[in-house]
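K.L.:
Before I ask anything, here is the structure I am working with.
The values are calculated or read from the model by the stated rules, or taken from the named source; none is laboratory data. On a predicted model such as this, the values are computed, not experimentally measured, just so you know. Reconstructed Cβ throughout: ideal geometry from the backbone, glycine too, with neighbour counts over all protein chains shown. Note: areas computed on protein heavy atoms with side chains; ligands, DNA, RNA excluded. Shrake-Rupley method; radii C 1.70, N 1.55, O 1.52, S 1.80 Å.
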Amino acid sequence: GQAMGTVTVTAKDASDNVSATFTGTIALGLGSNPGTGTLGGTTSAAAVAGVASFAGLTVNKPGVGYTLVAGGSGVGSATSGAFNVTAGPAAGCAIVSGNNQTAATSTLLAPIVVTIADAAGNPLGGATASAAVTLGGGSLASPTATASAAGQASFAWTLGPAAGPQTLVVTCSAGATATINATATGGGPGPATQLIFSVPPSTTIAGASIAPAIVVQAQDAGGALANA
């Protein structure tokens with residue numbers, strides 16, 4: 001997807017000298033096409049003193065051993081040396097699949113799957129993505145995942161204890177994120193993991209009962225009143 005350096009094609013006479021009087025149009029196309037790519041940019045140009053220049057050419061798919069073929073009226077054709085095209089840096093993060101509703105404190109039945117791709121839409125195998133819960137207090141089996149050869153990374157998401165909307169944000173590269181919303185149904189609070197003074201002790205006269213009465217709550221990991 002990125003522009004190549006300027007490509008030049010020279011028209012020559014039978015003695016291998018530059019044909020300075022040639023001003024015909026030269027057209028370019030892909031010869032060997034190992035990545036089934038498309039040649040982009042301005043692919044035809046009029047020669048000036050026998051030389052045609054092409055700036056801004058692109059190929060949108062990675063591959064090893066691409067070639068260009070140049071042709072023009074009366075001058076036959078020529079094939080370039082081979083060149084390679086590599087995938088670009090991560091630029092996109094798209095949700096592929098994942099169910100988005102289950103009981104509170106339960107893990108979604110299907111993992112959240114995202115595709116990591118470069119600016120031309122090519123999947124990036126081996127790229128990493130990180131995920132974080134931003135609403136709902138849920139958790140992840142692993143907050144970081146490595147993409148498969150198809151550029152897909154998956155996350156097992158356990159929803160938080162409170163019924164209602166919950167949100168997970170996956171970051172595939174700087175500035176490239178995917179936001180996944182889920183809904184926790186029923187489920188209720190989990191087991192007790194902490195004690196909290198919901199009504200703390202207050203200043204009182206010596207010998208008198210503290211008022212209001214002190215209250216201590218057993219809460220689950222999400223801060224809800226525990227069920228056991």
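K.L.:
If I take the Cα coordinates of the range 50-145 and project them onto the principal axes, what are the three extents in Å, biggest first?
P.N.:
Computed over the Cα atoms, the extents are 74, 20, 19 Å.
K.L.:
Extension gain Ala174-Ala55, at 0.36 nm per residue separation less the Cα-Cα distance, in nm? Each step should come with its number before you reach the end.
P.N.:
Working: separation 119, 0.36 × 119 = 42.84 nm, distance 2.94 nm.
Extending this stretch completely gives an extra 39.9 nm.
K.L.:
Something else about it: Give me the 1.4 Å probe accessible area per residue for the range 63-105, excluding ligands and nucleic acids, in Å².
P.N.:
Working: 2280 Å² over 43 residues.
Per-residue value: 53 Å².
K.L.:
Let me ask something else about it. Would you mind computing, in nm to one decimal, how far apart the modelled labels at Thr67 and Ile210 are, each placed 7 Å from Cα along Cα→Cβ?
P.N.:
Taking the simple label geometry, Thr67 and Ile210 are separated by 8.7 nm.
K.L.:
Between Phe83 and Lys12, what's the calculated FRET efficiency when r is the beta-carbon distance and R0 is 22 Å? Round to 0.05. Walk me through the numbers before you get to the answer.
P.N.:
On the way: r = 22 Å, r/R0 = 1.00.
It comes out at approximately 0.50.
K.L.:
By per-residue mean of other Cβ atoms within 10 Å, what is the highest-first order of 114-121, 49-56, 78-85?
P.N.:
Numbers: 114-121: 21.9, 49-56: 16.4, 78-85: 14.0.
Going by the mean number of other Cβ atoms within 10 Å, highest first, we get 114-121, 49-56, 78-85.
K.L.:
How would Lys61, Lys12 line up by accessible area, probe 1.4 Å, largest first? Don't skip to the end; give the middle numbers.
P.N.:
Values: Lys61 70, Lys12 105 Å².
Of Lys61, Lys12, the descending order of accessible area is Lys12, Lys61.
K.L.:
Of all accessible surface on the chain at a 1.4 Å probe, what whole percent is carbon and sulfur?
P.N.:
Working: 6750 of 11930 Å².
For the chain, the apolar C and S fraction of the accessible surface comes to 57 percent.
K.L.:
Quick check: convex hull of the Cα atoms in the chain, volume per residue, rounded to a whole Å³? Show your work: numbers first, answer last.
P.N.:
Numbers: hull volume 37.2 nm³, N = 228.
Expressed per residue, the convex hull around the Cα atoms of the chain is 163 Å³.
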